[in-house]
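Step one of this worksheet: look at the structure below.
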Amino acid sequence: MSKGILVLADHTKEVITDVSYEMLGIGRKLADSMNQPLYSLIIGDGAEKFASGFGIADKVFVVADKKIEIAIPELIVQILKKIVTENDISLILVAGTNISSGVGPLLAAKLDYRFIHFCKNLIYENGELMATSQLFGGKIFSETVLNDCKGIFSILPGSFPAEAGKASRFPEIIDIPHPDDGLKIKFKAFIEPEAGDVDVTKESILVSVGRGIGSSDNISIADELVEIIGGAVCASRPIIDQGWLPLSRQIGKSGMIVKPKLYMALGISGAPEHIEGMKDAELIIAVNKDSAAPIFNVAQYGICADIDDIVPMLIDKLKERK
Amino acid sequence: MNILIFIRMVADVVEELKIADDFKSLDIDWIRFRLSETDEHAVEQAILLKEKYGGMVTVIALDAPEVDDALYNALAKGADRAIKICGDWMNFRSPGIAKLFSNYIKDENLLVTQTLIMSGSQAIDDLEGELIYYMGENLNIPTCGIVTSVNYRSDFNLINVYKEFAGGLRGEFEINLPAIIGIQAAEKPPRYIPIAKIRAIMKTAKIEEIDIPDDHISAGKEVNRLLEPEVSGRATMLEGSPDEITAKLIEILSEKAII
Ligand SMILES: Cc1cc2nc3c(=O)[nH]c(=O)nc-3n(C[C@H](O)[C@H](O)[C@H](O)COP(=O)(O)OP(=O)(O)OC[C@H]3O[C@@H](n4cnc5c(N)ncnc54)[C@H](O)[C@@H]3O)c2cc1C
C-alpha cells in the first residue's frame, strides 16, 4: 500500500480555479477513508502565496520560480514524477481544464500508472477505487474499478463541491527547487482575447445557438428573440469555429463562463466542455430534437422538438403580448 | 515539411448510442461512424500548412468502419498519401494505439528533422487521455495539445503554435521539429468537398493498405461497465403541440419575471 494522494493545483494568470478546491475536497475525503496523507502541488511564479489557502492538505509542495511564466505539461510532469516517486504517492488528481490537459497521459506514460479522463465521481469502497467518467459528449458514462487504488484522474470541473476543499488551517509548506532540466517547448507570450462587441458574462439573458441551428442565416431567429426578451446571442464551439459568431461569444471550457438568469440553448447537445461554461445559470431551457441529448440533464425545462417548430412561434406569441 | 496525420473513427453522437450486451462497449450495429471532429480539423490544418509552405501530407488511420471515406476525403482535400493499417483495432485504447503508431513511425523511419506529426487534440471516447502525449513520450519529441494555429519557420525548422486556454486566452509556443501537436481547431473551418470530387479521387488515387508486425502490443484495459447517465436531475419536459409548448414556455418566462 502506498502512502498518499496528491492534488495538482490548477491556475491561470494568478487565479486558482474552482476545480482545484473541488479536487482538494474529494482528495481529503478519499485520503481520510484510505487513511493516507493528502498532498498538493502548486507550480508557478508566486505559487507560495496560494499555498496558505490549501490548508485542507497535509502538505503543500511549492515550486515558485520567476522563470516559470507558465507551467506546461512537460515541466509539471518532471516535477510530479519526482514527488510521486519520492513519496510513494498512488493517486494523483489533475484538473480537466485546458491548462492542465496533457499532464495525465504524459505522467501515466512515464510512471506506468493508469490515467482515467473525464471523471465525474470517485468512490472508495471495500478497498477499491471506482471512477465514473463521462464519455461520448456526455451521452454515456463509464465505470472503471482500480483494485490497487493507483492511478491518475482528471476531474471535470463542477463534479464536486468546491467548499469542501477550503479550510482555515495553514498547511505545512515544502519548497521544491525548479528542476531546470530544460524543456522542449518554449513559451513566448499570452495572447489576450479581443474584446467583443458585447460581454456575454455580464448579460442576464443569453440565447445560445449550437450546431443544430443549421446555418449562419438561421442565427437571425436568435437575434430576433433577444430583441424581444433582451440579452445577447452566444454559441457553442462549432458556431465559432465556423466563423459564424466571434470568439467572444463562445461559451464553455475554452470560451466564457456565464451565470445568467436565463440561458436558452437552441440545438446544443450539452457536451461536458459546453456545460462547463453555463451550468450555473439560474434557469436553463433547452430546445433539442434528440430526446437523449445530455443538455436535458442540466436544463430545468426541456423541449424535444425542432428549433424551427418552436422558436418562430414563440417569437410571434411574444410579439403579440407586447 | 513532412506532415503525418493520425486519424481515428469514432461513434457519431448525434445518433442514438446503444450499450452492447457485454455492458462494456457500444453496440457496433447501432453506431454510425464518423471521423473524430478534431481529426477533421487536423486534416484541414495540415492542408493549410501544405498550401502555405509546401511539403507532403500523409494521412494514416487504423482500419475501422467507414474509414475509407475519411481517407478518400483527405486525399480529395489535398493529402498526398493515405495509409490504412489493417487489422481489428476496435478495442484498442489511446496508450495501445500510440504504441502502434509510434512503432510504425520508427519502423518506417518516418521521423526526420522536418517531420510534424498531427492528430486531433482529443476524441470523445479518449478515456485514457490524449493520444499525442503518449506518442510524444514514445518518440521522445516535443508535444503540444489544444492547438488552434500553426506557423512554420523553415530557417529555424520550428513551428509557432497557439494553444488555447480558457475565456478566449491563448498562449504562443515555439517548438522545434520533429514534434507532435494536437489540433483543436484549424485556422479555417474544414473545407467542404463535393461528392463528385471524392468519386473522382477514388478512381485515380489509392489507399495504401499495410499490415504491421505483431509486437504483442496490448489493447489496453477495458472499462468495468458502461451506463447511460442517471436521469435524476433531468429537465421537466414541455410536451404537447408547438402551440401548447410555446404557451407553457411563455408562462414559465413570465413566472420567472424574465418577460
Ligand atoms: C479541449 C476542448 C475544448 C472545448 N471547448 C469548448 C467550448 O469552450 N465550448 C463549446 O461549446 N464546446 C467546446 N468543445 C467542443 C465540445 O466537445 C462539443 O463538440 C461542442 O460543444 C458541441 O457543440 P454543439 O452542441 O453545438 O454541437 P453538437 O454536439 O453537434 O450538437 C448539436 C445538437 O443539435 C441538435 N439539433 C440538430 N438539429 C436540430 C434542430 N433543427 N432543432 C433542434 N435541435 C437540433 C442535435 O440533436 C444535437 O444534439 C471543446 C472540446 C475540446 C476537446
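The values are calculated or read from the model by the stated rules, or taken from the named source; none is laboratory data. The structure displayed is predicted, hence computed values, not measured ones. Positions of Cβ are generated from backbone atoms using ideal geometry, with glycine treated the same way; all protein chains shown enter the neighbour counts.
Observations on the structure shown:
- Within region A:229-254, the set of residues being touching a helix residue (DSSP H, G or I) at 6+ places or on another chain (Cβ under 6 Å), facing chain B (nearest Cβ under 8 Å) and outside any helix (DSSP H, G or I) comprises A:GLN250, A:LYS253.
- Where strands (runs of 3 or more DSSP E) fall wholly inside region A:92-151, the ranges with 1 or more residues that are within 16 Å of the ligand (Cβ to nearest atom), in the same structural domain as A:GLU74 (by TED's automatic domain parsing) and touching a helix residue (DSSP H, G or I) at 6+ places or on another chain (Cβ under 7 Å) are A:115-125, A:128-135.
- Within region B:165-173, not a single residue is part of a loop (DSSP other than H, G, I, E, B), more than 9 Å from chain A (Cβ to nearest Cβ) and out of contact with any Pro (no Cβ under 6 Å at 6 or more places or on another chain).
- Reported count of residues in region A:302-317, each being away from the ligand (no atom under 15 Å from the Cβ) and either surrounded by 24 or more Cβ atoms within 10 Å (Cβ to Cβ) or at the interface with chain B (Cβ under 7 Å from one of its Cβ atoms) (or both), is 1.
- Number of residues in region A:18-62 that are more than 24 Å from A:ALA131 (Cβ to Cβ), assigned to a helix (DSSP H, G or I) and of a type outside the set (Gly, Ala, Ser) equals 3.
- Looking across region A:159-186 at every residue that is small (Gly, Ala, Ser) and within 14 Å of chain B (Cβ to nearest Cβ), the one that is surrounded by the fewest Cβ atoms within 10 Å (Cβ to Cβ) is identified as A:GLY182.
Conditions (1) farther than 24 Å from B:ALA70 by Cβ; (2) away from every other protein chain (no Cβ under 14 Å), marked per residue:
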site: B:ILE141; (1), (2): yes, no
site: B:ASN151; (1), (2): yes, no
site: B:LEU158; (1), (2): yes, no
site: B:ALA186; (1), (2): no, no
site: B:ILE195; (1), (2): no, yes
site: B:GLU222; (1), (2): yes, no
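- Across region A:277-289, the qualifying residues are those that are surrounded by fewer than 22 Cβ atoms within 10 Å (Cβ to Cβ) and more than 7 Å from chain B (Cβ to nearest Cβ), and the one among them that is farthest from the chain's Cα centre (by Cα) is A:LYS289.
- Among residues of region A:243-286, those that are without any contact (Cβ under 8 Å) to a residue 12 or more places away in the chain and within 8 Å of the ligand (Cβ to nearest atom), counted: 0
- Pairs are defined by a Cβ separation below 8 Å, a sequence spacing of at least 6 or placement on different chains, a first member in region A:131-152 that is within 23 Å of A:ILE5 (Cα to Cα), and a second member that is part of a loop (DSSP other than H, G, I, E, B) and of a type in the set (A, V, I, L, M, F, W, C); the pairs so defined are A:SER133/B:LEU127; A:GLN134/A:LEU156; A:SER142/B:LEU127; A:SER142/B:VAL223; A:GLU143/B:VAL223; A:THR144/B:LEU127; A:THR144/B:VAL223.
- Region A:4-56, subset in contact with a Gly (Cβ under 6 Å, 6 or more places away or on another chain) and hydroxyl-bearing (Ser, Thr, Tyr), residue nearest to the other protein chains (Cβ to nearest Cβ): A:TYR21
- Of the residues A:SER208, A:SER215, A:SER236, the single one that is among the hydroxyl-bearing types (Ser, Thr, Tyr), within 11 Å of the ligand (Cβ to nearest atom) and under 17 Å from B:GLU164 (Cβ atoms) is A:SER236.
- Among the residues of region A:159-195, those that are out of contact with any strand residue (DSSP E or B) (no Cβ under 9 Å at 6 or more places or on another chain), within 26 Å of A:ILE251 (Cα to Cα) and in a loop (DSSP other than H, G, I, E, B) comprise A:PRO161, A:ALA162, A:GLU194, A:ALA195.
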